[in-house]
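The next block holds one structure in the form of structure tokens; read it before the comments.
The values are calculated or read from the model by the stated rules, or taken from the named source; none is laboratory data. The shown structure was predicted, so the numbers you read here are calculated from the model rather than taken from an experiment. Positions of Cβ are generated from backbone atoms using ideal geometry, with glycine treated the same way; all protein chains shown enter the neighbour counts. The accessibility values were calculated without ligands, DNA or RNA, using every heavy atom of the protein model including side chains. Shrake-Rupley method; radii C 1.70, N 1.55, O 1.52, S 1.80 Å.
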Amino acid sequence: MKRYIALILLFALAAPVQGQGLKGLFHKKKEVAADTVAGLKRIEEVMGLLSKQYVTDPNTDKLSEDVVRHMLRTLDPHSIYIPAKEVESTNEALLGSFEGVGIAFSIVDDTARVQEVLQQGPSYKVGVLPGDKILRIDGLAATGDSAKRSFIYRHLRGKKGTEVVTDMLRGKDTITFHIIRDVVPINSIEVSFMEKDSIGYIALLRFARTSVAEFRKAVRELKKQGMKSLVLDLRGNSGGYLDIAFGLSNEFIKAGNLVVYQQGRARSRQDFKANRSGSFKEGNLVVLIDEGSASASEIVSGAVQDWDRGLLIGRRSYGKGLVQTMYRLSDGSQVRITTARYYTPSGRCIQRPYDKGADAYNRETQRRYNHGELFSADSIHLPDSLKYKTAGGRTVYGGGGIMPDVFVPIDTTPATKYYTECRRKGILNQFPQYWADIHREDSAVSTFDTFLASYERLGVDTLFVAYAAGKGVALDSLVPQADTTLPAVPDNRTLAERDPFLHIQIKALLADCLFGRGHYYQIMKDRDPVYQKALFYLRERPETFEKLH
């Protein structure tokens, strides 16, 4: 055990070149600094004393994990330890797939309901539909106390080729499905569509192994529909693999131009330059970013900005300019260690400071909110020492995220008391499933287009108000007068007039429930100020892009 602990610590502290095993590192320990060897010996001695002298038998395995966690946490906020049992689930989003049945579900009223069925996936092939309620999985109850995400995930996922038997309720009928598990892709692109003109939109949720292929496919489909300009939405995209970020940047950047480079104490500089292949090397480009855009998202947006390839719109990005390398330990656990910094083509490292500790670092978004940065770009102050120039001579800054070319403040539209109560009590999640169960077979909702055309005459708002009242949230029937000495008068306005945001969100949530998640944003985009600003520049200020080029 003592030797095992020492090996783990040596592995983490020595920052090895990727690919070296523990045995090789241990044999090279003469190269390790004297203070590192002394530190390892100190830890080994303490562990030995604990195992022999502590008042009770210590859990040395847990102690070793705690030591490694704490050690990495003191280095930087992004070096982490992943226990063996968590490795698979932690890496799923980056790998882009898992093995299971191919559905997305939500839990409403202690029942798991199918929210989306992956096209051509295992569940799709046997006839599972959105709205089906999961009653039992392999004979085990999946409702009530068992309706927990962990329970559902654990029993639906499994090895490719194995069978899972599910009993589902559709309307009043119980249907038994025999589903053969298969590899299920985790899509990086959940939404892509065309506007009425030649503007296409793609939202990238993460940088996974399949991201570049998914992006190229989406671009091909949009070009078939006449796309000449593109809005790439990276808001909330926390990043992923560096090589995938380079691959996506290569879709836009001119061949031969530097996209990104990385360099670290134990790593010489490595440049990544664009090549000739790329699906959108020409055409007006807008990239949307915000405080949730990090790492790989900042590599892409930084390259686009430094080469004046497109326009960045939104708010200052997260500020993560560190490269993590994954190493597998002998027990199957993993460590992700910061091995280098990455730099945009102009030489910017956009990593923000983390010298005040992990807690302060992780509260950065709240700090920006309190400081007023999310509401006004004037609240942001970056030192001149971090000033750089783009290829076209524009001034940009490093050291704290990427500043967009066009700032759009966070939407502060006040939520009504009625909206807040409906959301707090889960009615916004419950009602769409309730309505869809009743109307799923109606011709008015047979397609997304017929749903849009028929929506206003379906009386959804009236049904929502009645449903919410049945759940204990009543819509006020009276409105106070300006002269408070006079009695309130009846409020005869429609829900759309009284709460336009709630009105459109109900519509979007129904579209999500009926047709899949991508359709939610196609409705909500009209209420998205950042996206609307992108459309404004593409439609009303095309000369902006001519100046960039």
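Observations, loosely collected:
- Bridging of residue 320 to lysines at a Cα separation below 19 Å is possible for 356, 387, once same-chain residues fewer than 8 apart are set aside.
- Segment 188-297: GluC sites (Glu not before Pro) falling in loop per DSSP and having at most 14 other Cβ within 10 Å: 282
- Lys-Lys pairs in segment 169-306 that are eight or more residues apart or on separate chains and whose Cα atoms lie under 28 Å of each other come to 20.
- Take residue 74: with every protein chain present and a 1.4 Å probe, its accessible area is about 90 Å².
- Peptides ranked, highest mean first, by Cβ atoms within 10 Å: ranges 529-539, 433-443: 529-539, 433-443
- Mean-position separation - Cα centroids, segment 131-173 and segment 493-549, in angstrom: 35
- Spatially proximal aspartates and glutamates relative to residue 133 (Cα-Cα < 18 Å; intrachain offsets below 8 disregarded): 109, 110, 116, 145, 167, 173, 437, 441, 512
- Proximal aspartates and glutamates to residue 533, defined as alpha-carbon separation beneath 13 angstrom and excluding residues fewer than eight positions away on the same chain: 233, 405, 411
- Theoretical ellipticity at 222 nm over the chain - DSSP helices of four or more residues, -39500 (n - 2.57) apiece, nearest 500: -11000 deg cm²/dmol
- Distance histogram in 5 Å bins (all Cα pairs of segment 177-303, percent per bin): 2, 11, 19, 22, 19, 12, 7, 4, 3, 1, 0, 0
- Candidates per trypsin sites (Lys or Arg not before Pro) in segment 118-166, loop by DSSP, up to 15 other Cβ within 10 Å: 148, 159, 160
- Accessible surface computed residue by residue for the chain, with neighbouring protein chains in place and a 1.4 Å probe, gives 50 Å² per residue.
- Taking only protein heavy atoms and a 1.4 Å probe, the accessible area of segment 302-458 is 49% carbon and sulfur.
- Most tightly packed first, judged by the mean number of other beta-carbon atoms within 10 Å of their residues, the peptides 180-189, 50-59 read 180-189, 50-59.
- Convex hull of the chain built on C-alpha atoms - directionally averaged projected area, nm²: 33.0
- Accessible surface of segment 120-186, 1.4 Å probe: 54 percent of it comes from carbon and sulfur atoms.
- Coil-residue trypsin sites (Lys or Arg not before Pro) of segment 351-394, DSSP, other Cβ within 10 Å capped at 14: 356, 363
- Of the beta bridges in the chain, as assigned by DSSP with both residues counted there, near 75 percent are antiparallel.
- In terms of packing, defined here as the mean over residues of other Cβ atoms within 10 angstrom, the peptides 397-410, 75-88 line up highest first as 397-410, 75-88.
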